[in-house]
Every structure is written in structure tokens, then in C-alpha cells.
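Engineer: Once you've had a glance at the structure underneath, I'll fire off some questions.
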Amino acid sequence: MVSLEDGSTKWQWYDLHKSLGFLFVILLLARIFWRSTHHYPKFSSHSAVLESLASITHLMLYLVMIILPISGYLDSAAGGYHFGFFGLFDIPAVVEKNAQLASLALSAHVAAGWLLVGLVVMHASAALFHQFVWRDGTLYRMLPLVFLQKK
């Protein structure tokens, strides 16, 4: 997306990216609300250190998922760019155009994006390790769909 030449195709990709990001924020807020109002199973860790590591990883995932859309929004708003939601309505800028803030926000957005990728890979790897090496049922806890429930 960033390597495309300026033109309608590039800006269509940016519009889609921003709309999906805004939709992600709505889903993230719903997830945070759900998580705060529902109990979840305890960790099936093999040590206190691993349980602490899992807790820190989950906290980091949530922090990065919050930082990512905020920094993206600030980059767009401070950069003076249009921000619409799938062409349905515009999302107003809450900051004035500011090149320095836009640059800082963009750096944070890129760093948070890569950090999220790393955390997701680490999280998925740990789940697969639990499932196929320790065989402790952790993956079944993470995927509570009826057809995946352990019999």
C-alpha cells in the first residue's frame, strides 16, 4: 500500500485500511467489555513463570491492539488526510494538521504493527506447543467452538 504510486488505487487501499481499522476498534471494545464481564478459564501452565509470561503476553496484545488504531488515527488526522468509514460517514479529526505529530504517530503505528505480528506469532506458537507437545488441552480452551470441544 505505501509503495504504490499516488493515485486513486493507492487512496482506495488507504480508505479500506482505515475503515477496517475503525471496525477493528469497535470489535476490540466489544471484546474488552466481554472479557471484563465474563470469567475465563485459568491458565493450564506448567509453572508460575510460564503463567506470568502468558499474562504479560496477553496484556501486551491488548496494549498493542489499542495503540495500533490510535496511532493510525493520529497519523491520518495530523497528516490532514480524509478518514471515512466505508464511504458511509466521515470520522472527524480531533487534532490540527501537524507534521511532527503525524510522523511520530506513523512511527508508532508501524512499530506497533510489527510488534503485533510478533506477539500473534508467539501466541499461536505457544498454543500449538501446548496442543501438540504438552497435549494439555489449551487449544481447546482457546477455540470454544462446539465441534472442537474435547470429548
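Engineer: For segment 2-32, what are the residues that are on the phi < 0 side of the Ramachandran plot and either outside any helix (DSSP H, G or I) or basic (Lys, Arg) (or both)? Even if it seems obvious, please write down each step before you answer.
Structural biologist: First, the residues of segment 2-32 that are on the phi < 0 side of the Ramachandran plot: 2-6, 8-32.
The answer is Val2, Ser3, Leu4, Glu5, Asp6, Lys10, Lys18, Arg31.
Engineer: So Gly21 fits all but one of (1) of a type outside the set (A, V, I, L, M, F, W, C); (2) surrounded by 13 or more Cβ atoms within 10 Å (Cβ to Cβ); (3) out of contact with any Pro (no Cβ under 6 Å at 6 or more places or on another chain); what number is the exception?
Structural biologist: Every condition holds for Gly21 apart from (3).
Engineer: Given (1) part of a helix (DSSP H, G or I); (2) within 22 Å of Gln12 (Cβ to Cβ); (3) modelled with pLDDT under 95, identify the lone condition not met by Ala124.
Structural biologist: So the condition that Ala124 fails would be (2).
Engineer: What's the total number of residues in segment 106-137 that are of a type in the set (Ser, Thr, Tyr) and either within 30 Å of Ala78 (Cα to Cα) or surrounded by 14 or more Cβ atoms within 10 Å (Cβ to Cβ) (or both)?
Structural biologist: Final tally of qualifying residues: 1.
Engineer: I need the full set of residues from segment 46-78 which are in contact (Cβ under 8 Å) with a residue 24 or more places away in the chain and either among the polar types (S, T, N, Q) or outside any helix (DSSP H, G or I) (or both), in order please.
Structural biologist: Residues satisfying the conditions are His46, Thr57, Ser71, Ser76.
Engineer: Would segment 32-52 turn up any residue that is out of contact with any Lys or Arg (no Cβ under 9 Å at 6 or more places or on another chain), under 30 Å from Phe129 (Cα atoms), of a type in the set (Ser, Thr, Tyr) and surrounded by 15 or more Cβ atoms within 10 Å (Cβ to Cβ)?
Structural biologist: Yes, segment 32-52 has at least one match.
The values are calculated or read from the model by the stated rules, or taken from the named source; none is laboratory data. Please read these numbers as outputs of a predicted model, since none were measured by experiment. Virtual Cβ from ideal backbone geometry, glycine too; neighbours counted across all protein chains shown.
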